[in-house]
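Asker: Structure in structure tokens, see below.
None of the figures in this text is laboratory data; all of them are computed from the coordinates on show. Predicted, not measured: the structure shown is a model, and the values here were computed from it. For neighbour counting, all protein chains shown are included, and Cβ atoms are generated from backbone atoms with ideal geometry for every residue, glycine included.
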Amino acid sequence: MEHLKYPIGKFEKPENITVADISNWMQDIKNFPHELYQLTNKLSPEQLQLTYRPGGWSVKQVVHHCADSHMNSLIRFKLALTEDTPTIRPYYEDRWAELTDGLDDNIEPALNILQGVHQKWVLLLQSLTEAQLELTFIHPEHGKHFSLKENIGIYAWHGKHHLAHIKLALERV
């Protein structure tokens with residue numbers, strides 16, 4: 001079951017995050033909306049209902065979750081860039097996934113949100129200085145500081161993680 005929950009494994013932060021790591025992660029973030037679109041844009045309503053594991057989210061919930069999560073991440077980056085070590089506001093991802101918009105078969109709005117958010121996000125990421133990459137926010141759910149450079153890696157992983165979930169769901173038929 002752990003393989004189904006984390007098909008690419010959990011995010012592992014490198015001991016030393018290099019310029020190459022950040023560059024590769026930024027490319028992953030840039031590519032994610034297109035990769036997700038390619039994987040999901042022609043799915044039938046029945047395929048959107050598929051889950052990647054028993055008790056897991058449906059494909060459509062994963063797509064809607066990515067839009068919600070990545071919007072929140074862009075805001076967290078902006079908070080860290082404009083405030084002194086802000087404590088970010090967590091949210092109940094599982095509850096959001098059960099709201100009407102998270103259960104909607106029309107995933108086009110979520111795909112459009114991701115396209116726009118990622119265009120803004122990548123523009124912002126490409127402008128960051130070394131000092132800005134070291135800025136942090138506090139995530140109260142984890143009780144720790146996250147640097148922006150670490151969070152770039154987390155979200156590069158997050159996109160790949162959910163692409164793998166969707167691929168698993170589609171293979172289950």
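Asker: Lys and Arg at +1, Asp and Glu at -1: add these up for the other residues within a Cβ distance under 12 Å of residue 25 and post the number.
Answerer: With Lys, Arg at +1 and Asp, Glu at -1, the net is +1.
Asker: How large is the charge dipole for the chain, taken about the Cα centre, if only the Cβ atoms of Lys, Arg (+1) and Asp, Glu (-1) carry charge, to the nearest 20 debye?
Answerer: Details: 17 positive and 22 negative charges, 35 e Å.
Taking the Cα centre of the chain as origin, the dipole is about 180 debye.
Asker: Here's something else I'd like to know. For the ranges 162-170, 134-142, 58-66, what's the packing order if you count other beta-carbon atoms within 10 Å of each residue, average per peptide, and put the highest first? The partial results should precede the final answer.
Answerer: Working: 162-170: 19.9, 134-142: 14.6, 58-66: 24.2.
Ranked by mean Cβ neighbours within 10 Å, highest first: 58-66, 162-170, 134-142.
Asker: If the cut-off is 13 Å between C-alpha atoms, which aspartates and glutamates fall inside it for residue 60, apart from same-chain ones fewer than 8 positions away?
Answerer: List returned: 46, 68, 98, 101, 104, 105, 108.
Asker: Could you tell me how many cubic angstrom of Cα convex hull volume segment 24-171 has per residue?
Answerer: 106 Å³
Asker: Still on this model: Mean residue ellipticity at 222 nm from the helices of the chain, using -39,500 (n - 2.57) per DSSP H segment of n ≥ 4 over the full residue count, to the nearest 500 deg cm²/dmol? Walk me through the numbers on the way to the answer.
Answerer: On the way: 8 runs with 106 residues, N = 173.
When only DSSP H runs of four or more count, the value is -19500 deg cm²/dmol.
Asker: Step through the residues of segment 75-85 one at a time and calculate ³J(HN,Hα) from phi using the Karplus curve (6.51 cos²θ - 1.76 cosθ + 1.60, θ = phi - 60°), rounding each to whole Hz and writing x for Gly and Pro.
Answerer: With the stated coefficients, segment 75-85 comes to 5, 5, 4, 5, 4, 5, 7, 10, 10, 8, 6 Hz.
Asker: On to the next question. Which whole-angstrom value gives the distance between the alpha carbon centres of segment 6-35 and segment 48-90?
Answerer: Segment 6-35 and segment 48-90 have Cα centres spaced 16 Å from each other.
Asker: Here is a follow-up. If you average 1/r over all unlike Cα pairs in segment 35-81 and invert the result, what Kirkwood radius do you get in angstrom? Intermediate results must be reported in sequence, preceding the final value.
Answerer: Working: mean 1/r = 0.0828 Å⁻¹.
By the Kirkwood definition, the hydrodynamic radius is 12.1 Å.
Asker: So if I take the centroid of the Cα atoms in segment 156-173 and the same for segment 93-108, what is the distance between those two points in Å?
Answerer: Going from one Cα centre to the other spans 17 Å.
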